[in-house]
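The values are calculated or read from the model by the stated rules, or taken from the named source; none is laboratory data. This is a predicted model, so every value here is computed, not measured. Positions of Cβ are backbone-derived with ideal geometry, glycine not excepted, and every protein chain shown enters the neighbour counts. Remember, those area values only see protein heavy atoms, side chains included, never the ligands or the DNA or RNA. Shrake-Rupley method; radii C 1.70, N 1.55, O 1.52, S 1.80 Å.
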Amino acid sequence: SMQTSGSKPCPCPSFKLREVVSMYFTMIAVFLVILVVALQGSAPRGSDFPYKVPLDPKGLLELSWNVSYPEQAVHFQLLIRNLKFGVLFGMSDRGEFENADLAVLWSDGHSSYFGDAWSDAKGQLHMDSQQDYQLLGARKAPEGLYLLFRRAFSTCDPKDYLIEDGTVHLIYGILEKPVHSLQAINISAIHRGLQRVQLLKPNITIPKLPSDLNTMEITAPHVVIPSQETTYWCYMAELPDRFRKHHIIMYEPVITAGNEALVHHMEVFQCAAEFDTFPHYNGPCDSKMKPDRLNYCRHVLAAWAMGAQAFYYPEEAGLAFGGPGSSKYLRLEIHYHNPLVIKGRRDSSGIRLYYTATLRRYDAGIMELGLVYTPVMAIPPGEDAFILTGYCTDKCTQLALPAAGIHIFASQLHTHLAGRKVVTVLSRDGREQQVVNADGHYSPHFQEIRMLKEVVAVFPGDELITTCTYNTEDRSQATVGGFGIMEEMCVNYVHYYPQTQLELCKSAVDPGYLHRYFNLVNRFNDEEVCMCPQVSVPQQFYSIPWNTFNRDVLKSLYGFAPISMHCNKSSAVRFPGEWEKQLLPTITERLREPVPHCPPTPGPWPAAPVPLNLGDLRR
């Protein structure tokens, strides 16, 4: 019946503060019980976390992860061997511990806590007001403690790192003493380091492998890893005699057990066919004993870097090797990273090639995009983000690509030590269509061939524009383009099918326009920049006094001056045509910057650490 006004109101529950608090603590207690149950849970299956990398050189911290594109999140499993009083794990722009985004497990000696934190510009830790590293569970096992947590790619929290395609600099720290609070952790006083990985692996379906699959291991026999931080080791291998044409359809790393933290990256190169023989060699690549002829082994067959899985070719293509016109000599190059300067460690790592005599429909090819290796492209000193761009023009693709186009399925970006970002964009009729490959946190110390999330079709008349961003803040003179490690490159090696004659599609500024720049700089400056023809381009760059005028004029010169195009066949001969003083491609429509997808703020995660019942941490 309807109530008349003034009668007794309905019996709505009126909670007293005490009851609310009691309910809150009951919820916390239930949550903790769930956590403690999680601690006793069964071992996560390895297949749940297909990607794995050791974080530290001793292998005390081992990270495994998986990527969920539907959820736009990464699930992490961190194995901590020999846990002391906690760990820090996180991400930052280039591996710094300042302005970093961190998940922290810490103990005061009695209780343990897990929380999402960030560090400020001074390296001081703060609890994040939005807890985006979500703890899913923890489990003790004979090998150590497993910590499971989740993180969305994008959280729209200004204190959080945006997880993107390309390289991610992971950082870690080990707490060796108890700490009474998160803020009490002094990150400059802990054992710490960084590891680079590609977190967002492409979700490709693995192609069906043929029944006549063969394998060949290219491994360096019984190398004693030198007791120094960085070694590049070269080993020459040979294909069997009368080895006919085959297709490589996948490859994977072969790493000597126990050396997972020392083998940083590896590449297999095929030697140039014009030489009948190559000398045997098994030693450091920079040794004076290394025969010069090994420098003619530059055609990449396979490349692997730490954290990478097996590499698969698409079903319709394979990489040809063997047969007439193909050298039987291969060079394996291994980069050992040995920061602990371990002595006497033996290694027989390398790459296992999977190949078939049943040739696939297409041969895969490799094409170089970007800038020509020439000193006319230079970066002034003291720059934090100087941009250089290399073009593969519509005129070149119109001439060299088949009417049905080519399909790019993988890419390897390359610069020397000053490179910070690399991106290649496909443009059609002046409108940017799509990104071929981009790495906004690129590191020259982490170069791998990456399978693309989706195959990119390139047609005659399309343009491929490769842009590199450099940092020369630590340099006092100009950095010119070239082969030396202190010179620079801007290259994207794209892997595609069907193979064409086009092996190199790159550009550089027109030398005549650069000459005018030197003339102008000379007139404006009191100091003489010698313009005599016998003075080399690098010498002219080195003698420029780098004021803002000279910097800005060089920047605008590169932005408007005509280019010299290299539209080359494999024999290093250009396709017929006029390639000098070509106008820069005009872009009328740019790609929109992707807007980060903001997930709902995680549910009832208070901005407080989650207590963990780990018993005695130091078991």
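For this structure, a couple of remarks:
Rundown of residues vs (1) open to solvent by less than 10 Å² (accessible area, probe 1.4 Å); (2) closer than 12 Å to ARG151 by Cβ, yes/no style:
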{"site": "VAL67", "(1), (2)": "no, yes"}
{"site": "GLU71", "(1), (2)": "no, yes"}
{"site": "ILE80", "(1), (2)": "yes, no"}
{"site": "GLY90", "(1), (2)": "yes, yes"}
{"site": "PHE97", "(1), (2)": "no, no"}
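- Taking first residues from region 306-329 that are under 30 Å from PRO57 (Cα atoms) and partners that are open to solvent by less than 20 Å² (accessible area, probe 1.4 Å) and among the hydroxyl-bearing types (Ser, Thr, Tyr), the Cβ contacts under 6 Å between residues at least 6 apart in sequence or on separate chains come to PHE311/TYR251.
Residue-by-condition table, conditions (1) over 30 Å from the mean Cα position of the chain (by Cα); (2) within 24 Å of THR469 (Cβ to Cβ); (3) surrounded by 14 or more Cβ atoms within 10 Å (Cβ to Cβ):
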| site | (1), (2), (3) |
| --- | --- |
| LEU554 | no, yes, yes |
| TYR558 | no, yes, yes |
| PRO562 | yes, yes, yes |
| HIS566 | no, yes, yes |
| LYS569 | no, no, yes |
| VAL573 | yes, no, no |
| GLU578 | yes, no, no |
| ARG590 | no, yes, no |
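- Count of region 326-382 residues which are part of a loop (DSSP other than H, G, I, E, B) and touching a Ser or Thr at 6+ places or on another chain (Cβ under 8 Å): 12
- Residue within region 103-123 that is free of Cβ contacts under 8 Å to residues at least 60 places away in the same chain, surrounded by 20 or more Cβ atoms within 10 Å (Cβ to Cβ) and aliphatic (A, V, I, L, M) present: yes
- Scanning region 433-472 for residues that are under 28 Å from ILE249 (Cβ atoms), modelled with pLDDT of 95 or more and within 9 Å of the chain's Cα centre (by Cα) returns a single hit, ASP439.
- Some residue of region 231-239 being more than 29 Å from TYR313 (Cα to Cα) and either touching a His at 6+ places or on another chain (Cβ under 9 Å) or not assigned by the TED database to the domain that holds ILE163 (or both): yes
- Of the residues making up region 578-588, those that are farther than 19 Å from GLY370 by Cβ and modelled with pLDDT under 95 are THR586, THR588.
Residue-wise test of (1) more than 30 Å from ASP394 (Cβ to Cβ); (2) out of contact with any Lys or Arg (no Cβ under 8 Å at 6 or more places or on another chain); (3) open to solvent by 30 Å² or more (accessible area, probe 1.4 Å).
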site	(1), (2), (3)
LEU330	yes, yes, no
ARG352	yes, yes, yes
TYR355	yes, yes, no
ARG361	no, yes, yes
GLU368	no, no, yes
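- Of the strands (runs of 3 or more DSSP E) lying entirely inside region 398-450, the ones with 3 or more residues being open to solvent by 20 Å² or more (accessible area, probe 1.4 Å) and touching a residue at least 40 places away in the same chain (Cβ under 8 Å) are found at 419-428, 431-439.
- Residue match in region 44-61 (condition: of a type in the set (D, E, K, R), open to solvent by 10 Å² or more (accessible area, probe 1.4 Å) and modelled with pLDDT of 95 or more): no
- Close contacts from region 509-526, counting a first residue that is within 20 Å of PRO585 (Cβ to Cβ) and a second that is assigned to a helix (DSSP H, G or I) and not polar (S, T, N, Q), with Cβ to Cβ under 8 Å and a gap of 6+ residues or different chains, come to VAL509/LEU557; VAL509/TYR558; PRO511/VAL537; TYR513/LEU557; LEU514/VAL537; LEU514/LEU557.
- When THR389 is tested against the conditions (1) among the polar types (S, T, N, Q); (2) crowded, with 16+ Cβ neighbours inside 10 Å; (3) not assigned by the TED database to the domain that holds THR424, the lone failure is (3).
- Only one of the numbered conditions (1) in contact (Cβ under 8 Å) with a residue 40 or more places away in the chain; (2) surrounded by 18 or more Cβ atoms within 10 Å (Cβ to Cβ) is violated by PHE483, and that is (2).
- Strands (runs of 3 or more DSSP E) wholly inside region 163-250 that include at least 1 residues being open to solvent by 80 Å² or more (accessible area, probe 1.4 Å) and either closer than 23 Å to TYR51 by Cβ or touching a residue at least 60 places away in the same chain (Cβ under 8 Å) (or both): 191-198, 214-219, 230-238
- Filter result for the condition that a residue is of a type outside the set (D, E, K, R) and under 30 Å from GLN72 (Cα atoms), over PRO291, PRO207: PRO207
- Residue count for region 466-522, restricted to those that are touching a helix residue (DSSP H, G or I) at 6+ places or on another chain (Cβ under 8 Å) and polar (S, T, N, Q): 3
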